[in-house]
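The values are calculated or read from the model by the stated rules, or taken from the named source; none is laboratory data. Keep in mind that what you see is a predicted model, and the values were worked out from it rather than measured. Quick reminder, even Gly has a Cβ in these numbers, built from the backbone with ideal geometry, and neighbours come from all protein chains shown.
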Amino acid sequence: MAVVAQLVERWLVVPDVAGSSPVDRPNDVDGHPGLAPRPNAPRSRGSSPVDRPNTSGTPSSVLDEELRASLDAPWVLIVWNDPINLMNYVVHVFRSYFGYPREEAERLMLLVHHKGHAVVASGPREEVERHAQAMHDYGLQATIARDAP
């Protein structure tokens, strides 16, 4: 796949950096004429300023800590009521996907039915996004939101 991308880059003449040109590149790298590594690319892991953590107490390090805290904050999966899916089907989805016992699945389904929505799961954002996609695959309407503290 990388070779295809390099060939496309070579033939479409897509510059790597503003002001650079494929003509300035060496003519042969790894047996592929006209292909070369980017001149400004980091040579090894950790050599880029982006890869190094900022521990100096500057505003950017404070922002990094806030970003980490926001990513670690719990997210919730909200399933919304719709006029299409039967209540028994929603119970079936909650039991089969989440593994809820019948009573809990029915309780959540009734919340969705009577209140219009219910929080059915919580956790890290990526996990909750996977749950939301699974609910969409089952035909249920679902969204994610940050859990209120």
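Pairs linking a residue in the stretch 84-101 that is surrounded by fewer than 15 Cβ atoms within 10 Å (Cβ to Cβ) to a residue that is in a loop (DSSP other than H, G, I, E, B) and modelled with pLDDT under 95, with Cβ atoms under 7 Å and 6 or more positions apart or on different chains, do not occur.
If we scan the stretch 128-135, do we find a residue that is at pLDDT 95 or above and over 15 Å from the mean Cα position of the chain (by Cα)? Show your work before the answer.
Initially, the stretch 128-135 is screened for residues at pLDDT 95 or above, giving 128-135.
Keeping just the survivors that are over 15 Å from the mean Cα position of the chain (by Cα) gives 135.
Yes, the stretch 128-135 contains at least one residue that is at pLDDT 95 or above and over 15 Å from the mean Cα position of the chain (by Cα).
Comparison of Ala118, Ala105 shows that the only residue that is modelled with pLDDT of 95 or more and in a strand (DSSP E or B) is Ala118.
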